[in-house]
Structures are given as C-alpha cells and as structure tokens.
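K.L.:
Sending over a structure as structure tokens; questions will come in a sec.
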Amino acid sequence: MIDILNKVLNKRKKLAIGLMSGTSADGIDACLIEIEGNYTDTKIKLIDFITLNYTSKEKERILKLCDVNTSTVSEICYMNKYLGDKMGQAALKVCKKADINIKNVDYISSHGQTIYHMPDEQSTLQIGELANIAALTGCITVGDFRPSDMAYGGQGAPLVPYVDYILFSGEDKGRILLNLGGIANITVLKAGGKEEDVLAFDTGPANVLIDEAVRITTDGRQSFDEGGKTALKGKINEQWLNEIISEDKYLLKPPPKSTGREYYTKEFAMNLYEQGIKKGLDNFDILATITAYTAKSIKNQIDAFVLDKYKIDELYVSGGGAHNQMIMKLLSEYIEADVRDVENLEFSGDAKEAIAFAILGNEFLCGKTNNIPNSTGSNRKVIMGKLALPSL
C-alpha cells in the first residue's frame, strides 16, 4: 500500500480526476486535470471535462433519498453502490474523451452525492461508494471529505473556499466567488488577504427552488428553466419577494452556516407556488419572483454579513445558475460590484467544483490540512478525506 501511494506522491506532476454531483442532482461532473504542487503553490491545467447526466428516473430516485418521507434504508444502501459505479463510469468517460488511458491517472477524488446534511448536529451523508469507483477504474480514490471537518465541530461545508483561496486570491481587489448550484454559496476574498481572512457560507437557495417551481408549473414536463428564459417572461412581484425574504429564517443565521434540501424542500417550493396563486399571479410571474428570490437573498446576505468588514470590487459566478440570464441580470442590478462569469478569469465555471475536489484530494494525499475553520466552524485545521485503494 505504501509503495502504491509513494509512487504517486513522488511525481512532480500528477494526472487527476475530480468528480462532483451537486444538490441539483442533474448529473456527475468529471474533470481530468494535470496538477503540480500543493497549497498556494498548486498549479493546474484542465485537460478535459464532461457531465454524465442522470436519467429522469435516476434523478427521481436520488431526490427521493433526500426526503425523509420517501427515503428508505434499503434504497440508500443500493444507491450508494449504484452511484459509485456511475461515478466510476464518469471517470472512464472523461478519459475516453481526452484519449488518455485510465491507467495513467494517478488518483480520483470524489465529492459524492449529498442526500442529507445536518450541520447543527455535525452529521452528513454523501453516497457513491469509493470502493466501487476504485474497483471500476483501478485508481487510488479519495472522497467523503465532510465528516472529517464535522468530527472537529465544523459544519462540513462549505469546502470549496479552501480552493478559492488557493486559486483566486488577488492582491489589489476584493473578490466574491459565488457558486450557483442547488444552493448558493460565496467565498469572500480580501484584497491581499490571508487564509484566516476568508469568509464563506451558504447564502440560501440557488436553483433548488427554481427547479422545483418549474416542475410544479409544467406538471413535471420540465425540470429546469433553461437560461432563465421562462422567468424572463414574467414580472417580479416586489411586495411578495420582500415578504419571502423577511420570512426566511435561514437568512437570519450568522456565519458559519450551511444549508440544503433539508430546509429548502419540495414543500417549501409548493408553499411558495400556492402563495403566488393566492396573490393572483400567473406561472410566469411566480417563476420570475422565485428566481428573483435567489438573487435578492444573495444581496441580503452580502449586505448583512460581508460589507461591514470587506470591500468588494468583483463578484465572479460559477455553476449552473451562471447560465440563468435573469439571475445574472438581477445580480448586476442588486450588487455594487462588477458581476462577471468566472470564465472571465480563464477558468471553467462548469468544471470549477469538480476541479476543486481534485485539488482537495491532492491536499489529502500530500498529508495537508484542507479546510478553513473560519468558514466551516471547526475548532481546528483538519485533513479531510478517506482513501480507497484498488486491488491491482
């Protein structure tokens, strides 16, 4: 075992695959990167990227696991194995696309699929069995990062800020890195700041309620609002929007904090839809207002917890929500900073989180701590991750 690990660790440059399946449960992002060094000396080169989409049936099964009313122990057990195999397939597919033999890959690092997150109880569950990924690919596999942070009093989230600090810190300008997956989260980077200056937390909903509203208003025929085009047909009900913001208890909690589908549930979305109907709004106006909820809650959280301590010049957006034209338009209107897609930093916004977990896996293999206590609430720096070795 030691010989296998030493062979990888002694390489100046490594080939790595990062795997990510987010709250939206749309599919598995897989990136193939070349990585050199660690911590602030980390250098990466993106070789290729794919998304292995979930079928509608797979997505339905995953979302049922996230709901205490529809989840079962047997289904969790089965899907842990099933998704491990699927994640292994995603790793093989990104290699095939890049025309690189999987045998040349030094390690795989997987976030897994979150099905339940209980930050206040320091408990969480990500599935996608690491042993299956390792067996299918023949690669050293790292994953299950969050529990290590939680074991030391943290919330196990957000984890990407560690990577944001490594890759995107600037000497001259204060930046926010905003990721819009199912849940919205920010990393605040002080101009010329140190790691202990990083502030990061989940701001609230991103696509999770928008997607659910689309399913409700189309009777399940659509699962998301491509490009925000449907929401742009509606008109925001400003009074109702302000009511939604004021009634969201999560927004009142100070950082460090994290959230997920456990709070922003299907029932939460249905309640919003029914409120909109009672107010006499049509489906377009309801979707427009729920979309504005994402943008307005981000502004609310930046105003409440960031601007009193940090000067922000730029805000860079990544994740699926970066493709939503309405969200991007509203962010530019709401926030007094230059709002841009992270692609402007010559970095793939779609691959960003998969790359982040490849980097977190590299830190783990190098024996380096890879969390930021100021962001997660842990009582110390922690080496996050677990290891699965293939039987070669």
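K.L.:
Just in the range 1-76: which trypsin sites (Lys or Arg not before Pro) are loop by DSSP and have at most 10 other Cβ atoms within 10 Å?
P.N.:
For trypsin sites (Lys or Arg not before Pro) across the range 1-76 that sit outside H, G, I, E and B with at most 10 neighbouring Cβ atoms in 10 Å, the list reads Arg12.
K.L.:
What accessible area per residue, rounded to a whole number of Å², is obtained for the range 145-229 using a probe radius of 1.4 Å?
P.N.:
Value for the range 145-229: 32 Å² per residue.
K.L.:
Enumerate the amide H contacts of Ile28 below 5 Å, restricted to partners 5 or more residues apart or on another chain; note that Pro and chain-start residues carry no placed amide H.
P.N.:
Leu52, Asn53, Tyr54
K.L.:
In addition: How many percent of the alpha carbon pairs in the range 1-150 exceed a separation of 20 Å?
P.N.:
In whole percent, the share of Cα-Cα pairs in the range 1-150 beyond 20 Å is 50.
K.L.:
Right, another one. Please report, for the Cα atoms of the range 131-204, the Rg to one decimal and the Dmax as a whole number; what are they, in angstrom?
P.N.:
For the range 131-204, the Cα-based Rg and Dmax read 15.3, 46 Å.
K.L.:
Could you pull out every one of the lysines with an alpha carbon less than 26 Å from that of Lys278, ignoring same-chain neighbours closer than 8 positions?
P.N.:
Result set, ordered by chain and number: Lys229, Lys233, Lys235, Lys249, Lys266, Lys296.
K.L.:
At a Förster distance of 25 Å, what's the computed FRET efficiency of Thr70 paired with Lys253, Cβ-Cβ distance as r, to 0.05?
P.N.:
0.40
K.L.:
Accessible area per residue for the range 258-312 in Å², computed with a 1.4 Å probe and the full protein assembly in place, what is it?
P.N.:
44
K.L.:
Here is a further query. What are the ³J(HN,Hα) values, in whole Hz, obtained from phi via the Karplus relation 6.51 cos²θ - 1.76 cosθ + 1.60 with θ = phi - 60°, for each residue of the range 14-27 in sequence order, with x given for Gly and Pro?
P.N.:
Residue by residue, the range 14-27 yields 10, 9, 9, 10, x, 10, 9, 10, x, 4, 6, 6, 8, x Hz.
K.L.:
Also, I was wondering about something else. Alpha carbon centre of the range 347-392 versus the range 14-67: separation in Å?
P.N.:
So the separation of the two Cα centres works out to 13 Å.
K.L.:
In a shell of Cβ-Cβ distance under 13 Å around Phe224, excluding Phe224 itself, what net charge do Lys and Arg (+1) and Asp and Glu (-1) give?
P.N.:
Result for the neighbourhood of Phe224: -1.
K.L.:
Considering only protein heavy atoms, with the full assembly of protein chains and a 1.4 angstrom probe, order Lys381, Lys329 by accessible area, largest first.
P.N.:
The residues order as Lys329, Lys381, largest area first.
K.L.:
Let me ask another. I'd like the Karplus ³J(HN,Hα) series for the range 210-223: coefficients 6.51, -1.76, 1.60, θ = phi - 60°, whole numbers in Hz, and an x wherever there's a Gly or Pro.
P.N.:
Running phi through 6.51 cos²θ - 1.76 cosθ + 1.60 with θ = phi - 60° gives 4, 4, 5, 5, 5, 4, 5, 6, 10, 6, x, 6, 10, 10 Hz.
K.L.:
Which percent, nearest 5, of DSSP beta bridges in the range 105-209 are antiparallel?
P.N.:
80
K.L.:
Turning to a different aspect of this structure: Evaluate Rg over Rh across the chain, taking Cα atoms for both radii and Kirkwood's formula for Rh.
P.N.:
0.96
K.L.:
Further question: Pick out which of Thr187, Thr70, Thr203 has the largest mean-square fluctuation in a Gaussian network model of the chain, springs linking Cα atoms closer than 10 Å.
P.N.:
Looking only at Thr187, Thr70, Thr203, the largest GNM fluctuation is found for Thr70.
K.L.:
Let me ask you something else. Expressed as an acute angle from 0 to 90° and rounded to the nearest 10, what is the orientation of the C-alpha long axis of helix 283-305 relative to the principal long axis of the chain?
P.N.:
Helix 283-305 and the main axis of the chain meet at about 70 degrees.
K.L.:
Let me understand the range 75-226 better: what is its radius of gyration from the alpha carbons, and its Dmax, in angstrom?
P.N.:
According to the Cα coordinates of the range 75-226, Rg and Dmax are 18.3, 50 Å.
K.L.:
Taking the 0 to 90 degree range and rounding to the nearest ten, how far is the long axis of helix 238-247 tilted relative to the main principal axis of the chain, both from C-alpha atoms?
P.N.:
60
K.L.:
Restricting to the chain, what percent of DSSP beta bridges are antiparallel, rounded to 5?
P.N.:
70
K.L.:
Now, a different point. Which trypsin sites (Lys or Arg not before Pro) in the range 158-217 sit in a loop by DSSP (not H, G, I, E or B) and have at most 16 other Cβ atoms within 10 Å of their own Cβ?
P.N.:
Those that pass, being in a loop and sparsely packed, are Lys173, Lys194.
K.L.:
Would you mind calculating the relative contact order of the range 174-250 from Cα pairs under 8 angstrom and at least 6 residues apart, reporting the percent as a whole number?
P.N.:
Relative CO of the range 174-250 lands at 19 percent.
K.L.:
Aspartates and glutamates near Lys14 by alpha-carbon distance under 12 Å, same-chain residues fewer than 8 away left out - which ones?
P.N.:
Glu34, Glu36, Asp106
K.L.:
Still on this structure, I have one more. Using a 1.4 Å probe on the protein heavy atoms, what percent of the accessible area of the range 139-188 belongs to carbon and sulfur?
P.N.:
Carbon-and-sulfur percentage of accessible area, whole number: 41.
K.L.:
Per residue, how much accessible area does the range 338-392 have with a 1.4 Å probe, in Å²?
P.N.:
40
K.L.:
Just order 366-374, 277-285 by mean Cβ neighbour count inside 10 Å, highest at the front, would you?
P.N.:
Final packing ranking: 366-374, 277-285.
K.L.:
I'd like the orientation of helix 73-98 relative to the chain: the angle between its Cα long axis and the longest Cα principal axis, in ° from 0 to 90, rounded to 10.
P.N.:
Here the helix axis deviates by roughly 70 degrees.
The values are calculated or read from the model by the stated rules, or taken from the named source; none is laboratory data. All values derive from a computational prediction rather than experimental measurement. Backbone-built Cβ (ideal geometry, glycine too); neighbour counts: all protein chains shown. SASA here: full protein model, heavy atoms, side chains in, ligands and nucleic acids out. Shrake-Rupley method; radii C 1.70, N 1.55, O 1.52, S 1.80 Å.
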